[in-house]
Amino acid sequence: MRRHLFWLACALLATALAACETTQDATVRDAAVVAPVAPAGPDPVQEPTDVKYYPSDEPVRMGLEQFNRGSFGLSQRYFKDAVEKAPKDVTAWVGLAASYDRLRRFDLADQAYAQASRLGGETVQILNDQGYSYMLRGNLNAARRKFAKAYELDPTNPTIANNLVLLNGSQRFIERPPENQP
């Protein structure tokens, strides 16, 4: 009887082990069916000629930083670099124009404002900045027209309201034609 029990125990143990192996095989096989190995894609090594340059916002960020510090020559350099790298970036064109204004290069500022307007339309910011540019030149009538147009688009903008107050303060000075100067 002991002998039969021994053989019965061995048979049960063998059956249990066979069942475990079958379960493992099924699990491995099912995993292979569920998650097939993806075919190899293109070569992961990139050739130097395949690399494309994507310009970053670093020149614009540095241009804004230098402009806010009052370093208009440096801001002009950064904004010029930005428009060369991304010629459709309106922010870079407006920054370049404002930098030219502060450097009193109004001819170049007009060109940069014109390009910004072509790309983004006559926005409130562009109109306001052009008005300020005309005010810096002393062309108060043109400045008033630009500020008025910007004010029509956004009457709640405090910057435009402040520029109009500044312009009205400038009107109080006596204007003389160029031929009446000493």
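The values are calculated or read from the model by the stated rules, or taken from the named source; none is laboratory data. Predicted, not measured: the structure shown is a model, and the values here were computed from it. Glycine gets a Cβ as well: all are built from the backbone with ideal geometry, and neighbour counts include every protein chain shown.
Summary of values
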{"item": "Residue in region 74-90 that is of a type in the set (Lys, Arg) and either out of contact with any helix residue (DSSP H, G or I) (no Cβ under 9 Å at 6 or more places or on another chain) or crowded, with 18+ Cβ neighbours inside 10 Å (or both) present", "result": "yes"}
{"item": "Checklist (1) within 13 Å of Ser170 (Cα to Cα); (2) surrounded by fewer than 20 Cβ atoms within 10 Å (Cβ to Cβ) applied to Met135, failing item", "result": "(2)"}
{"item": "Number of the condition not met by Pro87 [criteria: (1) assigned to a loop (DSSP other than H, G, I, E, B); (2) at pLDDT below 60; (3) not hydrophobic (A, V, I, L, M, F, W, C)]", "result": "(2)"}
{"item": "Cross-chain or 6+ apart pairs with Cβ under 9 Å, region 143-162 first and closer than 12 Å to Gln125 by Cα, then modelled with pLDDT under 90 and exposed (fewer than 14 other Cβ atoms within 10 Å of the Cβ)", "result": "none"}
{"item": "Contacts under 7 angstrom Cβ, first residue in region 77-101 being farther than 19 Å from Met135 by Cβ, partner among the hydroxyl-bearing types (Ser, Thr, Tyr), 6 or more apart", "result": "Phe79/Ser99"}
